[in-house]
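Peer 1: To start, I am sharing the structure in question, which I have written as structure tokens.
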Ligand SMILES: Nc1ncnc2c1ncn2[C@@H]1O[C@H](COP(=O)(O)OP(=O)(O)OP(=O)(O)O)[C@@H](O)[C@H]1O
Ligand SMILES: [Mg+2]
């Protein structure tokens, strides 16, 4: 079935009421074929946020050349060692295998000992990125508020800004979802929840934002994703990389002014809207302090 012909509704964000099955990690995959949309930045922040909640978090960096997520965590470990600190930190490994079978084996190995497995895809299409998408319980697609980014999901009319057709990335996700439906039944996994996260918001003018918002909403009904607000444009997200620290590492960031309080709040809100399952029996909703 072609996605254009279908009218899937966005996934029901009911994972929050769900609990992880014994021995089953929840897989969160950050994917967008477009480069530089904020996949790694968002992946690291979500991974650290979940670690702060007490979850066991592991991450796979699927980009062996750039390995941004792995470098971020490496930097974090160096800072912790230098300063003699212990802060919640996810495990992270770079995928260097040669076959899709190697990747599946790595996913199985790592998820055996964690509650959340985060996979950070490269900004391109390759067979490994496709396998990762198929394995996603939650698929997060960060995009910037720009029709240049939107173009990978859908093409809009030049005059009216109405969606004319789906683009290849949306088609790819649609096909991955169809292939995954077998996994959903056989392995008793949840339906894939696809969330498009608007990243680096705040720096574009209101009319463009409103047009994009409309186009995204129209598209979300056609292909079945949810749209949510991600991280806004802040220098701090770039500045923290060398130290590997995040906004959640209160008391270790030096003088930051008050804007980081707002930033921490937006990260909290993002984790909440991901509607992830609870990972321990006593826990209610996922809340970052
Ligand atoms: N919310 C934000 N505010 C400011 N800068 C940001 C924000 N999110 C990401 N960036 C910056 O944008 C650039 C791209 O981000 P990032 O590396 O996370 O994207 P990516 O999608 O993982 O890229 P790639 O496709 O190359 O893997 C980086 O310089 C990063 O620091
Ligand atoms: Mg990246």
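Peer 1: Can you work out which of the residues in segment 29-84 that are more than 13 Å from ligand 1 (Cβ to nearest atom) and in a loop (DSSP other than H, G, I, E, B) is farthest from residue 129 (Cα to Cα)?
Peer 2: Going through the qualifying residues, I end up with 84.
Peer 1: Can you tell me which of (1) part of a loop (DSSP other than H, G, I, E, B); (2) in contact with a strand residue (DSSP E or B) (Cβ under 8 Å, 6 or more places away or on another chain); (3) within 16 Å of ligand 1 (Cβ to nearest atom) is the one residue 196 doesn't meet?
Peer 2: It is condition (1) that residue 196 fails.
Peer 1: Hey, another quick one. How many residues does segment 142-164 contain that are within 17 Å of residue 196 (Cβ to Cβ) and outside any loop (DSSP other than H, G, I, E, B)?
Peer 2: Final tally of qualifying residues: 11.
Peer 1: Select from segment 11-33 the residues that are more than 21 Å from residue 181 (Cβ to Cβ) and away from ligand 2 (no atom under 11 Å from the Cβ) and write down the one among them that is modelled with the lowest pLDDT.
Peer 2: Of everything passing the filter in segment 11-33, 16 is modelled with the lowest pLDDT.
Peer 1: Kindly indicate whether residue 223 is under 27 Å from residue 19 (Cα atoms), in contact with a helix residue (DSSP H, G or I) (Cβ under 9 Å, 6 or more places away or on another chain) and surrounded by 12 or more Cβ atoms within 10 Å (Cβ to Cβ).
Peer 2: yes
Peer 1: A further question on this structure: Being assigned to a strand (DSSP E or B) and within 16 Å of ligand 2 (Cβ to nearest atom): is that true of residue 139 here?
Peer 2: So residue 139 fits the description; yes.
Peer 1: On the given criteria, is residue 177 surrounded by fewer than 13 Cβ atoms within 10 Å (Cβ to Cβ), part of a helix (DSSP H, G or I) and in contact with a helix residue (DSSP H, G or I) (Cβ under 9 Å, 6 or more places away or on another chain)?
Peer 2: On the way: surrounded by fewer than 13 Cβ atoms within 10 Å (Cβ to Cβ): no; part of a helix (DSSP H, G or I): yes; in contact with a helix residue (DSSP H, G or I) (Cβ under 9 Å, 6 or more places away or on another chain): yes.
Taking the combined requirement at face value, the residue does not satisfy it.
The values are calculated or read from the model by the stated rules, or taken from the named source; none is laboratory data. As the structure is a prediction and not an experimental result, all values here were calculated from the model. Cβ atoms come from the backbone with ideal geometry, glycine included; neighbour counts cover every protein chain shown.
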